[in-house]
Amino acid sequence: MRIARFTTGDDPAYGLVDGAGEKIAEITGDPLYTKIELTGTTHLVEDVRLLAPVIPRSKVIGIGKNYADHAAEMGGQVPAEPLMFLIPNTAVVGPGDPVVIPEQTGEVHYEGELAVVIGRMCKDVEPEDAAKVIFGYTCANDVTARDLQRSDGQWARAKGFDTFCPLGPWIETDLDPADLSLVTRRDGDVVQDGTTADLVFGVAELISYASRAFTLLPGDVILTGTPAGVGPVVAGQRVEVEIEDLGVLANPFVAP
Ligand code: MG
C-alpha cells in the first residue's frame, strides 16, 4: 500500500494512492493507530496537496556515512558502528514544500536517502525481528548546512533547521529495501545515482542498533544515509529524490 497524508484545504486526512500515483482513496483515521477503512471518497492526486506522510511523534534518527562511497567523498571511512544523530521533528516538511535556506549558512547540501517509518513502540529489537516494527518506507532529503556541520562539531543545528527534513511523497508499506535504485536530481540533472544494496548497515541492523539506545515510537523515522554525490543547492533550485518502486520527493529551495 501507498499511504499518503493530504489536505484539500481542510484538516489533513490519509488516503491510499493507486499504483499509477493518480488517485487517492481517503481512509478514516491515522493508519499508524487505526485499522484502514475507506471513507468512500476519492480524489485525484493532482487535486490535493500532499503533506509529509508522517509527522514523527518523537524523533527522526539520522545515520551518517552509511555508504562507503559517500564516506570516502567526505574524506573518511565508514564507521565501525552506525553513526547516529537526531533531527527534531520540527524540521520535517512534505513533498513540494519549500526548504528555507537560513541566513546562518553559506553552504547547504542535499542528501537523498531512504527513510524507514517505525510502526510500533519497540526497544532492543533483534535484527531478525526488525520487519515486525517497520510500518513502511518513504524518500527523504537530509538537508545539511555543511559549513555548520564542520564548525559546530555536533550536527544538531546543521541538520535540524526548520524545513531541513523533507519526507514523502507517501509511505510504501510493501517494499524490499535490499536493492533499490536511489537517484537525486538538482534542477533535473542527476547528482546522486546509488542503490540501497550499498548500505553499510542495512535497515534491520539500523533498527536494532537504534532501538538499543532509544525506545522507538510509532511514526519515528530513521534516515538510512546517503550515497556519493552530495553537493550544494542554492535558493531557486529544486531537488528531487527518487527511489525505485517508491516515488519522487521534490522540493524547491528558497531564501528566507
Ligand atoms: Mg544524511
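The values are calculated or read from the model by the stated rules, or taken from the named source; none is laboratory data. In this text, all values refer to a predicted model and were calculated from it rather than measured experimentally. Note that we place each Cβ from the backbone using ideal geometry, even for glycine, and neighbour counts take in every protein chain shown. Ligands, DNA and RNA are stripped out before the accessible areas are found, and what is left, the full protein with its side chains, is counted by its heavy atoms. Shrake-Rupley method; radii C 1.70, N 1.55, O 1.52, S 1.80 Å.
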Where q = 0.13, 0.17, 0.22 Å⁻¹, what log10 of I(q)/I(0) comes from the Debye formula for the stretch 73-209, counting one point per Cα? -0.63, -1.11, -1.64
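Highest first, please rank the peptides 15-24, 224-233 by the mean number of other Cβ atoms sitting within 10 Å of their residues.
Details: 15-24: 16.2, 224-233: 21.6.
Answer by packing, highest mean first, reads 224-233, 15-24.
Contour minus end-to-end for Glu103 and Glu73, with contour as 0.36 nm per residue of separation and end-to-end as the Cα-Cα distance? Spell out each step's value before the answer.
Details: separation 30, 0.36 × 30 = 10.80 nm, distance 2.61 nm.
In short, 8.2 nm is gained.
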Gly29's amide H: which non-local residues (gap 5+, or another chain) put their own amide H closer than 5 Å, with H modeled 1.01 Å from N in plane and none for Pro or chain starts? Glu37
Along each principal axis of its Cα atoms, how long is the stretch 2-50 end to end? Whole angstroms, biggest number first, please. 27, 24, 17
3J(HN,Hα) from dihedral phi, the stretch 211-226, Karplus parametrisation 6.51/-1.76/1.60, rounded to Hz, x for glycine, proline: 6, 7, 9, 10, 5, 9, 10, x, x, 5, 10, 10, 8, 8, x, 10
Please work out, to two decimal places, the log10 of the ratio I(q)/I(0) at q = 0.13, 0.28, 0.32 Å⁻¹ from a Debye calculation in which every Cα of the stretch 37-80 carries one identical scatterer. -0.62, -0.98, -1.08
Which distance in nm do the two modelled labels at Val234 and Leu38 give, with both placed 7 Å along the Cα-to-Cβ direction? 4.9 nm
So how much slack lies between Lys123 and Ala156, counting 0.36 nm per residue of separation and subtracting their Cα-Cα distance, in nm? 9.5 nm
Could you list log10 I(q)/I(0) for the chain at q = 0.10, 0.12 Å⁻¹, which the Debye formula gives when each Cα is one point scatterer? -0.44, -0.65
In terms of modelled amide H atoms, which long-range or inter-chain residues lie less than 5 Å from the amide H of Leu83? Gly64
Gap in Å between the Cα centre of the stretch 11-86 and the Cα centre of the stretch 91-160? 11 Å
P(r) tail for the stretch 159-208, what percent of Cα pairs lie past 18 Å? 54 percent
Any idea of the accessible area per residue across the chain, 1.4 Å probe, to the nearest Å²? 42 Å²
Give the carbon-plus-sulfur fraction of the accessible surface of the chain in %, rounded to a whole number; probe 1.4 Å, heavy atoms of protein chains only. 50 percent
Using each residue's phi in the stretch 172-182, evaluate 6.51 cos²θ - 1.76 cosθ + 1.60 at θ = phi - 60° and report the 3J(HN,Hα) Karplus result to the nearest Hz, with x for Gly and Pro. 9, 8, 10, 8, 9, x, 5, 7, 10, 5, 10
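Based on the Cβ-Cβ distance of Leu217 and Thr8, what FRET efficiency does E = 1/(1 + (r/R0)^6) give at R0 = 30 Å, to the nearest 0.05?
Numbers: r = 29 Å, r/R0 = 0.95.
So, using R0 = 30 Å, E works out to roughly 0.55.
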